[in-house]
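The values are calculated or read from the model by the stated rules, or taken from the named source; none is laboratory data. What you see is a predicted model, and the numbers here were worked out from it, not measured in a lab. Positions of Cβ are backbone-derived with ideal geometry, glycine not excepted, and every protein chain shown enters the neighbour counts. Heads up: the accessible areas ignore ligands, DNA and RNA and are worked out on the full protein's heavy atoms, side chains in. Shrake-Rupley method; radii C 1.70, N 1.55, O 1.52, S 1.80 Å.
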Amino acid sequence: MYLVHETCTLYGCQVTGDRLTKAAVAERALRLADEEGLEAVTVRRLAKELGVTPMALYWHFKNKDELFLGMVDHMLSGVRSDPRAGESWQKRLRAVVETVIGVMRAHPSLPTLLHSVDKTRTESFNRATNDTLALLTEAGFTVEEGFWVASYLLNGCIGIVGAQPGCPPGLPSEQEPEWRRQKRVQLEGMPADRFPMMIELASSYRDEPDMERYYAFCADLLLAAVESMAAAAGSQHR
C-alpha cells in the first residue's frame with residue numbers, strides 16, 4: 001500500500017527535439033491507457049503519438065512488457081508510506097488506503113496494469129511495500145502477516161474503485177440522468193415477491209451517488225478487519 005509523498009504531474013511532458021526521456025514515454029503511454037484502455041498502448045501507436053520512430057522507444061524499453069513495467073514504476077514513483085510523528089498506525093494506515101484509492105480513481109488503468117505485470121520488478125512498488133511492512137509490524141503483525149494484510153488492502157482498493165456506484169465509465173454526462181432512470185425502472189420492474197430488496201434499491205438511482213461518502217464508507221469497511229485483528233495479533237506475538 002502507498003501514500004503519495006509528492007504529486008507527479010502526469011501527461012504534462014513536452015517532447016521537443018531529441019529530448020525523449022523515459023518519463024516522457026511512460027507519461028504518454030499512461031495517458032493512452034487511461035483514456036483508451038491498456039490495449040491501446042502499443043509501441044507503434046506510442047511512437048506515432050510522440051512523433052518518433054518505434055526504434056526510438058527501444059532505447060528506453062526493449063519490449064511491451066518493459067514498457068508496462070515502466071508505466072507502473074513511473075506511476076508509483078511519487079508514492080511513499082509516510083510514518084508521521086505522533087500519529088497512530090491506524091491513522092497512518094487510513095491515510096495510505098485513502099491515498100491509494102485516490103491514485104486509482106485518477107488513473108483507471110492502474111488496476112489493470114498491476115495485474116498485468118510482475119510488480120516486484122519495479123523499484124517504486126518494492127520501496128512502498130517495504131515501507132508498508134514496517135508500518136504493519138508496528139501494528140503487531142509479523143512480516144508474513146503484514147504482507148498478507150498489504151495484499152488484502154491493495155486488492156481491496158482495486159475492488160472499491162472498480163465497483164464504485166453510478167454510471168458506466170466513459171458515459172457522457174448528458175446521458176447520465178437517462179441511464180439512472182432506466183436502471184431504476186429495471187429494478188422497480190422485478191417481481192416484488194422474489195426481489196423486494198432489489199426494488200427498494202431502485203430509489204438510490206434517483207440522484208447522483210455521493211462518491212465521497214461511498215469511498216469513506218468503503219475505506220472504513222476495508223480497515224475495520226485490519227484494526228480488529230491487529231490487537232489480537234500483537235497480543236499473540238508478544
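Restricting the search to the stretch 55-69, which residues are touching a residue at least 12 places away in the same chain (Cβ under 8 Å), assigned to a helix (DSSP H, G or I) and closer than 21 Å to L113 by Cβ?
Within the stretch 55-69, L57, K64, D65, L67, F68, L69 meet the criteria.
Could you say which residue among F61, F68 is over 16 Å from the mean Cα position of the chain (by Cα), modelled with pLDDT of 90 or more, open to solvent by less than 50 Å² (accessible area, probe 1.4 Å) and within 20 Å of T122 (Cα to Cα)? Break it down into steps so the answer makes sense when it comes.
Working: F68 fails: over 16 Å from the mean Cα position of the chain (by Cα).
Checking each option against the conditions leaves just F61.
Could you go through the stretch 115-122 and let me know if any residue there is of a type outside the set (D, E, K, R), in a loop (DSSP other than H, G, I, E, B), open to solvent by 20 Å² or more (accessible area, probe 1.4 Å) and within 13 Å of A29 (Cβ to Cβ).
Scanning the stretch 115-122, I find at least one residue that is of a type outside the set (D, E, K, R), in a loop (DSSP other than H, G, I, E, B), open to solvent by 20 Å² or more (accessible area, probe 1.4 Å) and within 13 Å of A29 (Cβ to Cβ), so the answer is yes.
What are the residues in the stretch 151-197 that are hydrophobic (A, V, I, L, M, F, W, C) and either open to solvent by 80 Å² or more (accessible area, probe 1.4 Å) or touching a residue at least 40 places away in the same chain (Cβ under 8 Å) (or both), if any? Steps first, please.
If we filter the stretch 151-197 for residues that are hydrophobic (A, V, I, L, M, F, W, C), which is where we start, we get 153-154, 157-158, 160-161, 163, 167, 171, 179, 185, 187, 190, 192, 195, 197.
Selection gives L153, L154, C157, I158, I160, V161, M197.
Can you tell which of V52, V96, V103, V72 is more than 28 Å from L171 (Cα to Cα), of a type in the set (V, I, T) and part of a helix (DSSP H, G or I)?
Answer to the selection: V96.
With respect to G146, is the statement that it is in a helix (DSSP H, G or I) and within 25 Å of the chain's Cα centre (by Cα) true?
Yes, satisfied.
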